[in-house]
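The values are calculated or read from the model by the stated rules, or taken from the named source; none is laboratory data. Since this is a predicted model, take the numbers as computed values, not measurements. Backbone-built Cβ (ideal geometry, glycine too); neighbour counts: all protein chains shown.
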Amino acid sequence: MKIITLLLLVLAAATTKAEVTEVSEQHFVISINIGIDAPSNQVYDQFIQIGQWWQDSHTWFGDASKMTIEPKANGCFCERNGEQQAVHMTLSQINPGKSVHMTGGLGPLSSLAVNGYMTWNFEATEDNTTNLKLNYRVTRFVNQKTEDWAKAVEGVLMQQVNNLKTKFEH
């Protein structure tokens, strides 16, 4: 059993590439590429159901099931738990089944008055699987250690992408 678990971890690492591709005193860029063993339309549909795969520990109010994505221009990636409500990001562009673009500072970045632009691309492959590409550019840092922020955000986003991928593992 330990060998199978180790093999699965090695295979997952081989199909996942996450890295901070740029960093300066005022910005960073995170890129994540991951293969998911499901058709792109199914991965996209599951992505929109963010409350089913996002981690509770990376929400404002501790319950990811209260998170939603409104799949439309100016739609909200929001968290609503009764009177407790938060806008995580705003959808700036949507191409159903193919891509979602969002603006805003995710999580604690929102309190730093930075600009963030995130893209999620769902690319269909010839073997009916999905190549998911996530890109997040965050700019306008002032008096912050952007390298530390970049590493932390990369880790959180990688956890979330792996959670999404897990929804398709049998």
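General observations
- Beta carbons closer than 8 Å, at least 6 apart along the sequence or on distinct chains, pair a first residue in region 46-62 that is acidic (Asp, Glu) with a second that is surrounded by 17 or more Cβ atoms within 10 Å (Cβ to Cβ) for 56/64.
- Qualifying residue in region 140-154 (condition: part of a strand (DSSP E or B) and among the polar types (S, T, N, Q)): no
- Annotation: of all residues in region 20-47 being under 14 Å from the mean Cα position of the chain (by Cα) and of a type in the set (Ser, Thr, Tyr), the one that is nearest to residue 122 (Cα to Cα) is 44.
- Scanning region 52-99 for residues that are part of a strand (DSSP E or B) and within 20 Å of residue 122 (Cα to Cα) yields 68, 69, 76, 77, 89, 90, 91, 92, 93, 94, 95, 99.
- Selected residue [out of contact with any His (no Cβ under 7 Å at 6 or more places or on another chain) and modelled with pLDDT of 95 or more] from 143, 135: 135
This table checks each residue for (1) modelled with pLDDT of 95 or more; (2) out of contact with any Ser or Thr (no Cβ under 7 Å at 6 or more places or on another chain); (3) surrounded by fewer than 14 Cβ atoms within 10 Å (Cβ to Cβ); (4) on the phi < 0 side of the Ramachandran plot.
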site	(1), (2), (3), (4)
6	no, yes, yes, yes
15	no, yes, no, yes
18	no, yes, no, yes
53	yes, yes, no, yes
56	yes, yes, yes, yes
74	yes, no, yes, no
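- Any pair with Cβ under 6 angstrom, 6 or more apart, that starts in region 140-159 at a residue that is in contact (Cβ under 8 Å) with a residue 12 or more places away in the chain and ends at one that is assigned to a loop (DSSP other than H, G, I, E, B) and surrounded by fewer than 18 Cβ atoms within 10 Å (Cβ to Cβ): 141/26
- Which numbered condition residue 102 fails, given (1) surrounded by 18 or more Cβ atoms within 10 Å (Cβ to Cβ); (2) outside any strand (DSSP E or B): (2)
- Boolean, residue 82 is out of contact with any strand residue (DSSP E or B) (no Cβ under 6 Å at 6 or more places or on another chain) and on the phi > 0 side of the Ramachandran plot: yes
- From the list 40, 110, the one residue that fits, being crowded, with 16+ Cβ neighbours inside 10 Å and modelled with pLDDT under 95, is 110.
- Selection count, region 133-152, where residues are surrounded by 18 or more Cβ atoms within 10 Å (Cβ to Cβ) and within 10 Å of the chain's Cα centre (by Cα): 2
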